[in-house]
Structure formats: structure tokens, C-alpha cells
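Undergrad: Please read through the structure below; I'll follow up with questions.
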Amino acid sequence: MNAFIHDDFLLTNKMAKTLYHDYAKEQPIYDYHCHLDPKEIWENKQFSSIAEIWLAGDHYKWRAMRLNGVSEKYITGTATDKDKFFQWAKTVPHTLGNPLFHWTHLELARYFDFYELLNSDTADRVWNSTNAMLEGDSLRTRELIKGSKVEMIGTTDDPTDTLEFHERLAEDKTWKTKVLPTFRPDKGIEITKDTFLPWIQKLSSVTDKEIERLDDLLDALRKRVDYFHEKGARLSDHGISEMVFETATKTEVEAIFQKALSDTPLSVVEARKYKTFILLFLGQVYAEKGWTMQLHIGAMRNNNKRMFQMVGADAGFDTIEDHPVAQPLAMFLDALDHNNQLPKTILYNLNPKDNFIFASLAGSYHEEGIPGKVQFGSGWWYNDQKDGMERQMTDLANIGLLSKFIGMLTDSRSFLSYTRHEYFRRILCNMLGGWVEKGEAPHDERLLGSMVKSVSYENAKNYFDRATISEVRK
């Protein structure tokens with residue numbers, strides 16, 4: 001029987017095969033947004049088992065296992081790594097049609113040279129062979145990154161983080177991949193959450209300044225942006241469940257902030273005024289620094305309160321939000337652009353019904369000399385599967401310029417997720433090849449090959465400013 005993962009996996013036409021093998025396959029990776037732990041990169045971590053590297057923290061797999069009826073004991077509970085892995089192997093055949101089926105077998109093929117299907121029958125052999133390989137040095141974190149030809153990694157970091165391990169990696173002359181921090185201040189924006197006041201105290205501590213007034217907070221945020229910039233940061237990121245735009249005077253926001261500091265409940269409008277004010281302030285600071293601002297919009301988190309209390313956040317109980325987004329997002333971008341303070345921006349959409357809104361808004365703001373200044377970001381989370389990627393790229397092409405798209409990212413906590421770039425590139429090439437077959441694109445290998453190279457790698461490298469990022473290595 002032919003292997004499921006083979007050279008022409010997902011490539012269904014001649015042009016697709018040419019584009020992938022001759023133009024996409026060997027391109028390096030710019031993984032500008034992920035959730036890898038820089039400490040694990042610095043330490044060149046060796047994983048104890050396939051369960052640790054594959055299942056720990058992976059809420060995609062956890063969700064699938066729960067849907068398959070697996071007990072929580074084998075997901076986030078006290079079961080052994082081996083028992084957890086065997087429950088995952090038992091689940092994998094049921095993921096057919098889900099991207100996890102593709103990702104699982106791509107990762108087994110690329111990192112462990114295993115080309116059979118994972119199921120209960122093969123689980124024991126996979127457990128033994130993968131763990132034997134993990135005992136060697138070739139599957140430590142740094143080797144996985146180098147072997148995947150990753151040039152840049154953008155981690156996701158709280159403003160109160162010391163960035164100690166980013167600094168150590170930057171100083172390591174033997175290490176070539178740039179590992180750059182990303183400023184993620186969500187806890188300081190979500191003013192009505194229980195995490196807000198503890199975070200303000202932590203920010204006060206790391207900046208060595210009491211935060212008693214709004215100006216103190218703004219000074220502290222600017223100070224941390226400066227600190228992140230010194231450590232190599234050139235990106236920020238915001239997770240926004242509901243995009244809001246509610247203007248207010250600084251005096252009004254000061255009063256709202258004082259209520260929050262005294263732990264007085266805020267109205268919905270008050271919270272929106274505060275969020276809008278802080279987001280606008282940060283957008284202006286990012287523009288001054290020449291940073292890129294990322295907005296991940298539309299996640300409704302922690303929907304299962306019982307499981308949240310049991311296993312915490314980011315455990316597979318988030319879903320797609322459905323708030324109106326067009327007007328508040330347009331007003332936010334326009335408020336910054338009106339004063340020439342709109343930074344380069346990437347808009348990630350979780351609700352596919354809003355794709356045309358995001359694509360059309362991205363094309364409404366531009367700056368001479370910056371192709372695709374505002375980007376409609378790659379298919380995110382529930383959309384980073386074949387149909388979602390094709391839909392995002394097709395919608396972008398219909399309204400904007402696919403040729404200027406900055407392409408894929410892993411958005412993952414796993415060091416095995418670099419195969420998602422391969423997955424994306426195969427889907428891109430097959431989509432373009434399909435257009436050729438249907439007469440919707442010319443049979444012009446030079447034109448299409450140039451686009452594939454650009455979207456796979458070159459656009460991202462150029463967008464994130466090669467000259468600026470190279471300064472981090474000096």
C-alpha cells in the first residue's frame with residue numbers, strides 16, 4: 001500500500017507539483033508568531049517522550065480526544081505519558097477530515113521517518129521508535145529548529161517578562177535563528193477581568209514605579225515597549241474577543257482607571273472606553289517604534305466553566321465569537337491612520353463569515369513603499385486547515401493582492417509544528433495549479449513560481465524589515 005504522506009501529498013495537478021517542488025519546498029521559514037518557550041530553545045531541551053513533545057499543552061489534540069470520549073485522566077490528568085499517547089493513537093483514525101489527521105502524519109514522516117498510519121495497531125511501534133529517536137541529540141529543540149530551516153521565531157510574551165532567554169540567545173554567536181519577543185499586553189487591557197489588578201502590581205514591580213494614575217500606567221507601558229525593543233522586539237500582539245471603539249477624554253479614562261484600581265465594578269461602556277484608549281495609545285507607540293501590530297480578533301474563551309475550574313485556560317474550551325466587527329475595527333484603524341500613526345498591522349480573523357470585512361479593510365489603509373501595509377493574516381486557529389486556508393487566500397485574492405500576502409505561521413506551542421508551513425505551501429501550490437487547470441490563471445511557471453516564493457517566505461522577510469531585524473544580531 002502506498003504511503004499516505006508522499007512527495008506529492010495534496011498536489012493534484014502538474015503545475016502544483018512543479019510549483020511546490022521547484023519553488024516552495026526549500027524556502028526557509030519566517031515563523032513570526034508562535035507560542036514556543038524561549039527557555040526551552042536556550043536550554044536545547046531534550047524531550048522525555050513523544051507524549052511530552054506532542055501532547056503536552058496541545059489543546060487541539062485535547063479537544064479531539066474529549067470528542068472521542070477519552071477520560072480527562074488521559075488528557076490533562078494523572079495517567080502516564082504512555083497511556084496518554086495510546087489514547088491519542090486510538091483517537092487519530094477518528095480525526096480523518098480534521099487537519100490533525102494531516103498534521104499528525106506529516107510530523108511522523110518528517111521528524112520520525114514513520115510513514116504508516118497511527119492507530120491502536122501501530123501505537124506500540126511508534127511509541128518505541130519515536131522515544132528511541134528522542135534519546136538522541138537530533139530532536140532537541142535547537143536541532144528541530146535548524147533542521148526545519150527556521151530563520152526567525154516570534155514568541156509571545158507578557159510585558160512583565162524579563163526576556164532573559166531572548167537576550168541569552170541573541171548573545172549566543174553559535175545560534176543563527178533570530179528568536180524575537182512579541183509584546184502581548186492583554187492582561188493590561190482586559191480591565192474587568194480578575195487578572196487585571198495582579199498584573200498592574202506586577203507591572204509596577206518590574207518598572208520600579210507605583211502605578212496610581214493613568215499617566216503612571218502609560219509611562220510603564222511605554223517603558224516596557226522600550227525594553228522589549230532593546231531586546232529585539234519588532235512586533236506586538238493583541239487577543240481581542242470583541243473589537244470595540246468607544247472614544248473618551250483622558251479625564252474620563254482616568255476616572256475609569258481609578259474605579260478599577262479600587263476594585264469597583266465597571267459598566268460595559270466604561271470598559272470599552274478604557275480598552276479603546278489604551279489600544280490607541282499603544283498603536284501610536286508601535287508606530288513610533290516601527291513595529292508591526294497584530295490583532296487576533298474573535299475568540300470567545302473559557303466557555304466551559306466547570307472545565308476551566310478543573311484544568312484552567314487554553315485547554316480546548318474556546319470557540320468563535322460573533323460580535324459585529326466592521327465598524328469598530330474601521331474606526332480604530334482610521335483613528336490611527338488619520339494622524340499618520342497607524343503601524344504595519346496584521347488582522348487575524350477567527351470567524352470566516354467576516355473574511356471579506358477583514359480583506360477589504362486591509363486594503364483601505366496603505367503607505368507608499370510598504371506593500372501590503374495592513375495584512376489580512378493567514379487562516380487562524382479554527383481556520384488553519386485546508387478549506388480555511390484556501391478560503392482566506394481566495395477571499396484575499398478576490399479583494400486584494402495575494403501576491404503581497406506574508407503567508408503562514410505556526411501559532412503553536414509545539415516544536416514539531418513547522419510542518420504546518422509545508423502544509424500551507426502545498427495547499428497554496430495546489431490552489432494556484434488548480435486555477436491554471438481551470439483557465440483562471442496563465443500557464444506561466446515564472447509568474448506563478450515568483451508568487452509562490454514570495455508568499456512562502458520572501459514577503460514575510462521583507463515585511464518585517466531585514467535591516468531592522470538584523471540589528472538584533474549585532
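The values are calculated or read from the model by the stated rules, or taken from the named source; none is laboratory data. Just so you know, these numbers come straight off a predicted model, no measurement behind them. Neighbour counts are summed over all protein chains in view; Cβ atoms, including those assigned to glycine, are modelled from backbone coordinates with ideal geometry. Keep in mind that these areas ignore ligands, DNA and RNA; they rest on the heavy atoms of the full protein, side chains included. Shrake-Rupley method; radii C 1.70, N 1.55, O 1.52, S 1.80 Å.
Undergrad: What is the one condition in (1) open to solvent by less than 10 Å² (accessible area, probe 1.4 Å); (2) within 26 Å of residue 344 (Cα to Cα); (3) under 18 Å from the mean Cα position of the chain (by Cα) that residue 419 does not satisfy?
TA: Only one criterion is unmet by residue 419, namely (2).
Undergrad: Return yes or no: is residue 406 touching a strand residue (DSSP E or B) at 6+ places or on another chain (Cβ under 9 Å), among the aliphatic types (A, V, I, L, M) and either open to solvent by 40 Å² or more (accessible area, probe 1.4 Å) or outside any loop (DSSP other than H, G, I, E, B) (or both)? Write out each step before concluding.
TA: Details: touching a strand residue (DSSP E or B) at 6+ places or on another chain (Cβ under 9 Å): yes; among the aliphatic types (A, V, I, L, M): yes; either open to solvent by 40 Å² or more (accessible area, probe 1.4 Å) or outside any loop (DSSP other than H, G, I, E, B) (or both): no.
It is false that residue 406 is touching a strand residue (DSSP E or B) at 6+ places or on another chain (Cβ under 9 Å), among the aliphatic types (A, V, I, L, M) and either open to solvent by 40 Å² or more (accessible area, probe 1.4 Å) or outside any loop (DSSP other than H, G, I, E, B) (or both).
Undergrad: Among what's in the stretch 317-354 and is buried (at least 22 other Cβ atoms within 10 Å of the Cβ) and polar (S, T, N, Q), pick the residue that is nearest to residue 241 (Cα to Cα).
TA: 349
Undergrad: Which residue is nearest to residue 286 (Cα to Cα), if the candidates are limited to the stretch 193-225 and must be touching a helix residue (DSSP H, G or I) at 6+ places or on another chain (Cβ under 8 Å) and either at pLDDT below 95 or of a type in the set (Ser, Thr, Tyr) (or both)?
TA: 207
Rundown of residues vs (1) crowded, with 16+ Cβ neighbours inside 10 Å; (2) under 27 Å from residue 35 (Cβ atoms), yes/no style:
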residue	(1), (2)
211	yes, no
216	yes, no
219	no, no
232	yes, yes
237	yes, yes
250	no, no
258	no, no
271	yes, yes
283	yes, yes
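Undergrad: Could you pull out the residue among 225, 253, 206, 179 that is hydrophobic (A, V, I, L, M, F, W, C), closer than 30 Å to residue 150 by Cα and assigned to a helix (DSSP H, G or I)? Full working, then the answer.
TA: Working: 253 fails: closer than 30 Å to residue 150 by Cα; 206 fails: closer than 30 Å to residue 150 by Cα; 179 fails: assigned to a helix (DSSP H, G or I).
225 is the lone residue from the list that is hydrophobic (A, V, I, L, M, F, W, C), closer than 30 Å to residue 150 by Cα and assigned to a helix (DSSP H, G or I).
Undergrad: In addition: List, please: which pairs have Cβ atoms under 6 Å, are six or more places apart or on different chains, and start with a residue in the stretch 16-45 that is without any contact (Cβ under 8 Å) to a residue 40 or more places away in the chain and end with one that is open to solvent by less than 30 Å² (accessible area, probe 1.4 Å) and assigned to a loop (DSSP other than H, G, I, E, B)?
TA: As it stands, the answer is none, since no pair meets every condition given.
Undergrad: Among the residues that make up the stretch 115-123, is at least one of them buried (at least 19 other Cβ atoms within 10 Å of the Cβ) and not in a loop (DSSP other than H, G, I, E, B)?
TA: no
Undergrad: Output the residue which, of all residues in the stretch 357-380 that are among the aromatic types (Phe, Trp, Tyr) and crowded, with 18+ Cβ neighbours inside 10 Å, is farthest from residue 418 (Cα to Cα). Step through it out loud before you land on a result.
TA: Start the filter on the stretch 357-380 by keeping residues that are among the aromatic types (Phe, Trp, Tyr), which leaves 358, 365, 376, 380.
Checking which are crowded, with 18+ Cβ neighbours inside 10 Å leaves us with 358, 376, 380.
Values: 358: 26, 376: 21, 380: 15 Å.
Per the criteria, the residue is 358.
Undergrad: For residue 16, state whether it is within 25 Å of residue 139 (Cα to Cα) and of a type in the set (Gly, Ala, Ser).
TA: No; evaluated as a whole, the condition is false for this residue.
Undergrad: Continuing with the same structure: Please find, among 85, 9, the residue that is of a type in the set (Phe, Trp, Tyr) and in a loop (DSSP other than H, G, I, E, B). I'd like the intermediate steps shown before the answer.
TA: On the way: 85 fails: in a loop (DSSP other than H, G, I, E, B).
Of the residues listed, the single one that is of a type in the set (Phe, Trp, Tyr) and in a loop (DSSP other than H, G, I, E, B) is 9.
Undergrad: Restricting attention to the stretch 171-183, does a residue exist that is buried (at least 16 other Cβ atoms within 10 Å of the Cβ) and touching a Gly at 6+ places or on another chain (Cβ under 6 Å)? Show your work before the answer.
TA: Pass one, the stretch 171-183, residues buried (at least 16 other Cβ atoms within 10 Å of the Cβ): 175, 177-183.
Those left that are additionally touching a Gly at 6+ places or on another chain (Cβ under 6 Å): 180, 182.
Yes, there is a match, as at least one residue in the stretch 171-183 is buried (at least 16 other Cβ atoms within 10 Å of the Cβ) and touching a Gly at 6+ places or on another chain (Cβ under 6 Å).
Undergrad: Among the listed residues 301, 272, identify the single one that is over 23 Å from the mean Cα position of the chain (by Cα) and not hydrophobic (A, V, I, L, M, F, W, C).
TA: Numbers: 301 fails: over 23 Å from the mean Cα position of the chain (by Cα).
Exactly one residue qualifies, and that residue is 272.
Undergrad: Could you pull out the residue among 147, 188, 154 that is of a type outside the set (D, E, K, R), modelled with pLDDT of 95 or more and touching a helix residue (DSSP H, G or I) at 6+ places or on another chain (Cβ under 7 Å)?
TA: On the way: 147 fails: touching a helix residue (DSSP H, G or I) at 6+ places or on another chain (Cβ under 7 Å); 154 fails: touching a helix residue (DSSP H, G or I) at 6+ places or on another chain (Cβ under 7 Å).
So the residue among 147, 188, 154 that is of a type outside the set (D, E, K, R), modelled with pLDDT of 95 or more and touching a helix residue (DSSP H, G or I) at 6+ places or on another chain (Cβ under 7 Å) is 188.
Undergrad: Any chance the stretch 420-427 includes a residue that's within 20 Å of residue 152 (Cβ to Cβ), assigned to a loop (DSSP other than H, G, I, E, B) and in contact with a strand residue (DSSP E or B) (Cβ under 6 Å, 6 or more places away or on another chain)? Can you show your working first?
TA: Step one: of the stretch 420-427, the residues within 20 Å of residue 152 (Cβ to Cβ) are 420-425.
Of the ones still in play, those that are also assigned to a loop (DSSP other than H, G, I, E, B) are none.
The answer is no; no qualifying residue exists.
Undergrad: Looking at residue 227 and the list (1) open to solvent by 10 Å² or more (accessible area, probe 1.4 Å); (2) closer than 20 Å to residue 276 by Cβ; (3) aromatic (Phe, Trp, Tyr), which single condition is not satisfied?
TA: (2)
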